[in-house]
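The values are calculated or read from the model by the stated rules, or taken from the named source; none is laboratory data. Not measured: the values here are computed from a predicted model. Here Cβ is always computed from backbone atoms with ideal geometry, including for glycine, and neighbour counts include all displayed protein chains.
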Amino acid sequence: MLVFYRGGWCPFFNMQLKAYQQILPEIQAMGAQLIAISPQKPDHSLSLQEKEGLEFQVLSDPNGLVTAKYNLLFDVPQGVRELMEGIGLDLAEYNNTSKWVLPVPATFMIDESAIIRSAYVNPNFMQRQSPEEILRELKKL
């Protein structure tokens, strides 16, 4: 299970990752692994993992190379950039890159042969796949 999220600065995704942590024993009981990836610096990923007590891998993709391979990377629109800067978030600095890029939120179920068996992609960052939906999709594999 591969989850692309915006970063530890986003409260919606922090809630999502905590919810996935709660179902991690069930995910693992099905023989699956959970990996979360964001464009943030590795230090921010490690900090988030420790702060939230996440027992799954939280990886960094600061230049969006992996995210781009999944066709999820987008440039942050100027208006959104101005709003983020207005609350003191310099996304380029947070991600340790010169680019203002984010992933479209997504969850992929990938089998042992590296074939994507299920994909949930939603540009509305406030809507995510629920833990119940995740477990239903994993049971299908």
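Would you please name the residue that is surrounded by the fewest Cβ atoms within 10 Å (Cβ to Cβ), looking only at residues in region 30-48 that are part of a loop (DSSP other than H, G, I, E, B) and in contact (Cβ under 8 Å) with a residue 60 or more places away in the chain? Don't jump to the end; show me each part of the working.
The initial filter retains those residues of region 30-48 that are part of a loop (DSSP other than H, G, I, E, B), namely 30-34, 39-41.
Filter once more, keeping what is in contact (Cβ under 8 Å) with a residue 60 or more places away in the chain: 30, 32, 39.
Working: Met30: 11, Ala32: 18, Pro39: 30.
In this case the residue turns out to be Met30.
Being at pLDDT 95 or above and not in a helix (DSSP H, G or I) is the filter here, so list the residues in region 2-29 that pass it. Of everything in region 2-29, those that are at pLDDT 95 or above and not in a helix (DSSP H, G or I) turn out to be Leu2, Val3, Phe4, Ile23.
None of Ile116, Ile134 is of a type in the set (Val, Ile, Thr) and closer than 21 Å to Ala29 by Cβ except Ile134.
Taking region 89-138 as the range and being over 16 Å from Leu2 (Cα atoms), of a type in the set (Phe, Trp, Tyr) and free of Cβ contacts under 8 Å to residues at least 60 places away in the same chain as the test, only Trp100 passes. Yes or no: Thr67 surrounded by 13 or more Cβ atoms within 10 Å (Cβ to Cβ), assigned to a strand (DSSP E or B) and touching a residue at least 24 places away in the same chain (Cβ under 8 Å)? The answer is no for Thr67.
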